[in-house]
């Protein structure tokens, strides 16, 4: 009898030892490599994925001030397209919302928390869609014309169809941007597989790849603009964590969520 009791205790201890790491006081999270502290480049501040979003070591889980109005407005306005393409390409809806919040500009004449589907950005040296499509970004996710053409050609959409007006359609913009995020997650159209790690995925999306960049205020040590600052990723991660919180109990639930992704990690290698 005593031997049987010892065997049961030993088995229980083994199960506890194998349990997934705990994220603060939230339910346990299975063994996802990104729930451990990690970074991409030497000198960067480590982060990890938690049930509440991205936690930065020594800083916590950053959020925007006040209620998450921007991400809530984006989800409520564009949730049909976001949910459709999020589920189709297996990209967490919260990540798409965060990219829209960070990349697009407020709608003209509307409150600052809105985002314009006709957001347009011309880089220096832009001449025309025909001659410099890589220097014109359009739509909610600010995909360049050249990138949208390359991505959507894989989906059977003729490149000649895609210009700034095509990307002004929210469904088109969200589809092209989300497909690009999904390709970069696997290391396609990118120098490093982002594995949908939110800071890495946003940096790769924004800069066309994952490259080292210094700067005293760039805790990520990943390239973003303005150069040698961390402003873009700082904003994006605050919006991302807002989206994780706002969508958790929203009446309209996304199909493919960040929390589902964390609990069901794809078989990707760990980076950092």
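The values are calculated or read from the model by the stated rules, or taken from the named source; none is laboratory data. Here the structure is a predicted model, which means the values were calculated and not measured. Every residue, glycine as well, gets a Cβ built from its backbone with ideal geometry; the counts of neighbours run over all protein chains shown.
Taken over the stretch 62-73, the criterion of being within 10 Å of residue 242 (Cβ to Cβ) and touching a residue at least 12 places away in the same chain (Cβ under 8 Å) is satisfied by 62, 63, 64, 68, 69, 70, 71, 72. The number of residues in the stretch 159-197 being under 11 Å from the mean Cα position of the chain (by Cα) and assigned to a loop (DSSP other than H, G, I, E, B) comes to 4. Taken over the stretch 236-253, the criterion of being surrounded by fewer than 17 Cβ atoms within 10 Å (Cβ to Cβ) and either in contact with a strand residue (DSSP E or B) (Cβ under 8 Å, 6 or more places away or on another chain) or outside any loop (DSSP other than H, G, I, E, B) (or both) is satisfied by 248 alone. Residues of the stretch 213-229 that are within 24 Å of residue 124 (Cα to Cα), surrounded by 21 or more Cβ atoms within 10 Å (Cβ to Cβ) and over 15 Å from the mean Cα position of the chain (by Cα): 218, 223.
The set of residues in the stretch 39-53 being more than 15 Å from residue 212 (Cα to Cα), touching a residue at least 60 places away in the same chain (Cβ under 8 Å) and touching a strand residue (DSSP E or B) at 6+ places or on another chain (Cβ under 7 Å) consists of 47 alone. Screening 200, 129, 210 for residues that are modelled with pLDDT under 95, in contact with a strand residue (DSSP E or B) (Cβ under 9 Å, 6 or more places away or on another chain) and either crowded, with 18+ Cβ neighbours inside 10 Å or part of a loop (DSSP other than H, G, I, E, B) (or both) leaves exactly one candidate, 129. Does residue 23 satisfy being modelled with pLDDT under 95, assigned to a loop (DSSP other than H, G, I, E, B) and under 27 Å from residue 231 (Cα atoms)? Judged against the criteria, residue 23 is a match.
The test for being more than 30 Å from residue 123 (Cβ to Cβ), in contact with a strand residue (DSSP E or B) (Cβ under 6 Å, 6 or more places away or on another chain) and buried (at least 24 other Cβ atoms within 10 Å of the Cβ) does not hold for residue 262. Consider residue 90 carefully, then state whether it is more than 15 Å from residue 178 (Cβ to Cβ) and either touching a helix residue (DSSP H, G or I) at 6+ places or on another chain (Cβ under 8 Å) or crowded, with 19+ Cβ neighbours inside 10 Å (or both). Spelling it out, it is not the case that residue 90 is more than 15 Å from residue 178 (Cβ to Cβ) and either touching a helix residue (DSSP H, G or I) at 6+ places or on another chain (Cβ under 8 Å) or crowded, with 19+ Cβ neighbours inside 10 Å (or both). Total residues in the stretch 51-81 satisfying the condition of being buried (at least 17 other Cβ atoms within 10 Å of the Cβ) and either in a helix (DSSP H, G or I) or at pLDDT below 95 (or both): the figure is 11.
All of (1) surrounded by fewer than 24 Cβ atoms within 10 Å (Cβ to Cβ); (2) in contact (Cβ under 8 Å) with a residue 24 or more places away in the chain; (3) more than 23 Å from residue 136 (Cα to Cα) hold for residue 183 with one exception: (3).
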